[in-house]
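Only one structure is covered here, and it is reproduced in the block below.
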Amino acid sequence: MREEQRLSPEAHSYLDGESAGGIGPEDRGAAQRFEQAIQAYASSLKRPDAAVDRAVMAAVRADARHARRQSVWRWLVSPHLFNVRPALVAAAAVALIVFGRVLIDVPGPGDRSPGAEAAAQTTILVRFELRAPDAHRVTLAGSFNEWSPDGVELARNAATGLWTATVPLKPGEHEYLFIIDGSQWIPDPNAHAQVDDGFGQANSVIVVGPRGVVRS
Amino acid sequence: MRYSFVGALLVAGALLASARSATAQDVRAQLLERGAPAEFADQVAAVVASAGAEQLPTEPLVSKALEGWAKRARVPQDRVITALNQYVVRLRTGRDIALEVGFNGAPGPVIAAAAEAVGRGMTRAQITQVMGSAGEPAAAATGLTVASALMAQGLEAEAAIRVVDDAFRGGRPPEDILEFPSALTGLQAQGEDMAQIARRIMQGGGLPSPTAPGMGGRGNRPPTVPGMSGEGQKKRKGTSGGQ
């Protein structure tokens with residue numbers, strides 16, 4: 001450093017590579033000695049261990065990943081300005097509804113085979129009959145009318161005491177009961193079967209095929 | 001429009017959650033509309049919402065809850081809640097079997113049919129057999145419904161499973177299989193007893209079509225009622241006999 005202080009402006013220019021021709025021998029010698037001193041110092045420096053190099057680079061990369069995570073979180077929690085196209089929002093809403101429909105497992109047309117789909121769309125008229133000559137009112141409640149006690153009212157033939165109603169039903173199994181005078185729930189003796197209703201009592205069952213029902 | 005993106009995500013999640021609990025809210029509203037006390041309606045809604053969160057079909061639970069309330073004069077409310085919880089257990093069993101058979105996503109109808117079959121005494125192996133021979137969920141649901149109905153009619157379980165199994169393996173469509181309970185009733189009306197019918201089934205005889213000549217009894221199907229066929233719908237007349 002002390003050597004540098006004695007360098008002339010010409011020697012500085014020479015070291016900077018700016019003037020190779022107009023420098024005197026004394027300045028050139030001083031500049032060359034200075035260069036040699038620099039090279040000797042550089043060669044005396046030890047190269048860092050390779051392990052140190054790897055550790056430093058790993059730390060730098062980890063820091064970069066952390067910075068990226070922080071950046072994503074900052075983006076998520078910061079307010080942003082968006083330009084929204086109403087049509088795209090509507091499309092996204094439809095997609096959300098469809099996705100939600102899949103998640104809540106509502107059976108759709110694709111859940112049925114073509115034959116079963118056709119059968120499900122078919123409506124079969126099923127006639128229900130109950131002989132109850134002393135009844136004043138007979139109704140029908142079942143899985144087909146959400147068990148509404150007033151859903152289906154049977155008509156009475158005064159001469160025979162036979163109460164009847166014709167109900168459109170989809171193919172498949174249906175559970176039901178007759179209700180006499182609004183309070184007495186009784187099974188259909190002509191049903192395909194009587195099954196436990198889960199409450200310790202019985203429901204009547206019919207299985208409606210696409211061509212109708214045969215009962216006893 | 002300036003807003004927090006996280007807020008938007010939360011709103012979307014809430015919308016989805018509200019869609020999932022729509023059935024629970026629906027049944028609550030239906031029960032309240034029919035005069036049920038709020039506490040009972042809340043208990044039912046909680047069971048339905050919990051089942052929905054497990055991806056179980058909720059329609060059978062809703063129907064059973066409405067049935068229980070309709071029968072309130074002879075079914076106490078706590079009995080209804082117990083029955084619903086028992087139904088959920090059967091639905092879980094049905095879903096597990098459907099997944100084991102390989103019905104991806106286990107569609108609601110087949111889970112419901114399997115749960116009903118469990119309730120009527122079908123074993124896990126029998127349910128698995130019917131699902132396996134049906135090959136696809138919708139057909140399996142029909143097969144399980146029919147097999148459990150035949151059992152309820154008094155046919156031995158082995159014969160009920162066999163006749164459905166044979167039908168699927170013979171390539172008969174599910175719509176044909178829905179005719180079996182009527183066919184069984186027709187055979188009984190002709191004077192055959194269940195033991196005879198079961199023997200014939202186990203010998204590979206199957207069940208005849210209920211429309212076959214000679215099938216009859218008091219409840220035999222009458223001809224189609226004139227004027228009953230509507231546009232877009234096939235309407236045919238079924239019947240029942242008098243008492």
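The values are calculated or read from the model by the stated rules, or taken from the named source; none is laboratory data. Keep in mind that what you see is a predicted model, and the values were worked out from it rather than measured. Note: ideal-geometry Cβ built from the backbone for every residue, glycine included; neighbour counts use all protein chains shown.
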**Q.** Residue list for segment A:7-32, filter: surrounded by fewer than 13 Cβ atoms within 10 Å (Cβ to Cβ) and outside any loop (DSSP other than H, G, I, E, B)
**A.** A:Pro9, A:Pro25, A:Glu26, A:Gly29
Q: Scan segment B:100-115 and give yes if some residue there is in contact with a helix residue (DSSP H, G or I) (Cβ under 8 Å, 6 or more places away or on another chain) and under 25 Å from A:Ser183 (Cβ atoms), otherwise no.
A: no
Q.
I'm trying to understand the selection: among the residues of segment B:63-94, which are hydrophobic (A, V, I, L, M, F, W, C), farther than 17 Å from B:Gly35 by Cβ and surrounded by 15 or more Cβ atoms within 10 Å (Cβ to Cβ)?
A. B:Ile81, B:Ala83, B:Leu84, B:Val88, B:Leu91
Q.
Please go through segment A:168-185 and give me each residue that is more than 9 Å from chain B (Cβ to nearest Cβ) and within 29 Å of B:Thr142 (Cβ to Cβ), ordered by number.
A. A:Lys170, A:His174, A:Tyr176, A:Phe178
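Residues checked against (1) in contact (Cβ under 8 Å) with a residue 12 or more places away in the chain; (2) buried (at least 24 other Cβ atoms within 10 Å of the Cβ); (3) not hydroxyl-bearing (Ser, Thr, Tyr):
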residue	(1), (2), (3)
B:Asp96	no, no, yes
B:Ile111	yes, yes, yes
B:Val118	yes, no, yes
B:Gly121	yes, no, yes
B:Ala134	yes, yes, yes
B:Ile161	yes, yes, yes
B:Glu179	yes, yes, yes
Q: Quick one: in segment A:186-212, of everything that is at positive phi and free of Cβ contacts under 8 Å to residues at least 60 places away in the same chain, which residue is farthest from the other protein chains (Cβ to nearest Cβ)?
A: A:Gly200
Q.
Being away from chain A (no Cβ under 14 Å), farther than 13 Å from B:Leu155 by Cα and in contact with a Gly (Cβ under 9 Å, 6 or more places away or on another chain) is the filter here; which residues of segment B:174-207 pass it?
A. none
Q. Condition test on B:Val80, is it hydrophobic (A, V, I, L, M, F, W, C) and either closer than 23 Å to A:Val207 by Cα or within 15 Å of the chain's Cα centre (by Cα) (or both)?
A. no
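Matching residues to (1) over 30 Å from B:Leu91 (Cβ atoms); (2) outside any loop (DSSP other than H, G, I, E, B); (3) at pLDDT 80 or above:
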{"site": "A:Val89", "(1), (2), (3)": "yes, yes, no"}
{"site": "A:Ala92", "(1), (2), (3)": "yes, yes, no"}
{"site": "A:Gly100", "(1), (2), (3)": "no, yes, no"}
{"site": "A:Asp105", "(1), (2), (3)": "no, no, no"}
{"site": "A:Gly110", "(1), (2), (3)": "no, yes, no"}
{"site": "A:Glu117", "(1), (2), (3)": "no, yes, no"}
{"site": "A:Ala120", "(1), (2), (3)": "no, yes, no"}
{"site": "A:Ile124", "(1), (2), (3)": "no, yes, yes"}
{"site": "A:Glu129", "(1), (2), (3)": "yes, yes, yes"}
Q. Applying the selection to segment B:80-109, what residues are assigned to a helix (DSSP H, G or I), within 16 Å of B:Thr142 (Cα to Cα) and at the interface with chain A (Cβ under 9 Å from one of its Cβ atoms)?
A. B:Gly108, B:Pro109
Q) Which residues, taken from segment A:146-167, are without any contact (Cβ under 8 Å) to a residue 12 or more places away in the chain and crowded, with 17+ Cβ neighbours inside 10 Å? A) A:Trp147
Q: Scan B:Gln43, B:Gln55 and give me the residue that is in the same structural domain as B:Val89 (by TED's automatic domain parsing), surrounded by 13 or more Cβ atoms within 10 Å (Cβ to Cβ) and modelled with pLDDT under 95.
A: B:Gln55
Q. From the set of residues in segment B:112-167 that are within 14 Å of the chain's Cα centre (by Cα) and of a type in the set (Ser, Thr, Tyr), which is nearest to the other protein chains (Cβ to nearest Cβ)?
A. B:Thr145
